[in-house]
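A short write-up of the structure that comes next.
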Amino acid sequence: MSRAALLVLADGRFPAGGHAHSGGAEAAVKAGRITGAASLEEFCRGRLHTAGLVAGALAAAAVLGVAVRELDAAADARTPSPVLRGTARRLGRQLLRAGRAAWPAAELEALAREFPRGAHQPVVLGAVARAAGLTAGDAAHCAAYECVSGPATAVVRLLSLDPFEATGVLARLAPEADRVVDRAVEAAGRVAATGDVDELPAASAPLMEIAAQWHAEWAVRLFAS
């Protein structure tokens, strides 16, 4: 197992398409729910314990060999917003393209054939992590980090927030992210042992789902989601 592979996969410069997405931050800024570093931290904390937990568990389960089709259906069931489902599949398709170039594997080729329009991004993340020789915990850490780093980076652009303040937010959330990852990996382990995807977390953020639908209707926006 290469620890450097984890750094490559988690690097914001990895061409997986995430730079075009704000993780809901653009809509939150527009609605006045994010106005600076303190409110960004609360927003990211909420994402970490909802979207981050679910994504981390899905990614970890994929690393542990749970069937991708079952995980993708579970991801669909946990994503009520049609806009967010479409976004997750587009990001999954782009991530898979990058993953196939970085870590060629028969498993990733099969995934591309099975889901020509893209599987959910966390599921693909787990499959790519598995091809890269990473652990379930590694994949969950990537998922948890992505769910907060995306909004933090976006708010730097949206509000001209000091990048040092945004980085401070991510650093303060790191211990919580570790705890979320532990919960995600435990849930994935139960799924791998029982085959029951209902063991996966289903934490939700209804306001985020509603905001995603609203954001998609804007005539002008900086981010795709």
## Note on the structure
For helices (runs of 4 or more DSSP H) lying entirely in segment 48-112, having 2 or more residues that are more than 26 Å from ALA193 (Cα to Cα) picks out 82-102
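Answer with yes or no whether GLY12 is closer than 17 Å to ALA144 by Cβ, in contact (Cβ under 8 Å) with a residue 40 or more places away in the chain, in a loop (DSSP other than H, G, I, E, B) and within 18 Å of the chain's Cα centre (by Cα). Spell out the reasoning first.
On the way: closer than 17 Å to ALA144 by Cβ: yes; in contact (Cβ under 8 Å) with a residue 40 or more places away in the chain: yes; in a loop (DSSP other than H, G, I, E, B): yes; within 18 Å of the chain's Cα centre (by Cα): yes.
Yes; evaluated as a whole, the condition is true for this residue.
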### Summary
Residue pairs within 6 Å by beta carbon, gap of at least six or interchain, first lying in segment 19-31 and farther than 12 Å from VAL156 by Cβ and part of a loop (DSSP other than H, G, I, E, B), second at pLDDT 95 or above and of a type in the set (S, T, N, Q), listed first then second, are none
### Task
Just give me the residues in segment 113-133 being surrounded by fewer than 24 Cβ atoms within 10 Å (Cβ to Cβ) and more than 17 Å from ARG90 (Cβ to Cβ), in sequence order.
ARG113, ARG130, ALA131, ALA132, GLY133
### Task
Take ASP196 and decide whether it is over 19 Å from GLY12 (Cβ atoms), loosely packed, with under 15 Cβ neighbours inside 10 Å and more than 18 Å from the chain's Cα centre (by Cα).
yes
### Task
Evaluate segment 58-71: report whether one residue or more is at positive phi and either of a type in the set (Ser, Thr, Tyr) or modelled with pLDDT of 95 or more (or both).
yes
### Residues satisfying the stated conditions in segment 167-225, i.e. under 30 Å from VAL66 (Cα atoms), of a type in the set (A, V, I, L, M, F, W, C) and in a loop (DSSP other than H, G, I, E, B)
LEU200, ALA202, ALA203, ALA205
### Query
Is there a residue being among the hydrophobic types (A, V, I, L, M, F, W, C) and either under 29 Å from ASP198 (Cα atoms) or in contact with a Cys (Cβ under 8 Å, 6 or more places away or on another chain) (or both) anywhere in segment 33-45?
yes
## Note on the structure
Sole miss for ARG93 among (1) of a type in the set (Lys, Arg); (2) buried (at least 17 other Cβ atoms within 10 Å of the Cβ); (3) without any contact (Cβ under 8 Å) to a residue 12 or more places away in the chain is condition (3)
### Message
Going residue by residue through segment 25-48, is there one that turns out to be crowded, with 23+ Cβ neighbours inside 10 Å, of a type in the set (Phe, Trp, Tyr) and over 12 Å from the mean Cα position of the chain (by Cα)?
### Response
yes
### Message
So the check is Cβ under 9 Å with 6+ separation or different chains; which pairs have a first residue in segment 184-195 that's within 16 Å of PRO122 (Cβ to Cβ) and a second one that's polar (S, T, N, Q)?
### Response
VAL185/THR135
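The values are calculated or read from the model by the stated rules, or taken from the named source; none is laboratory data. All values derive from a computational prediction rather than experimental measurement. So basically every Cβ, Gly included, is an ideal-geometry build from the backbone, and we count neighbours across all protein chains shown.
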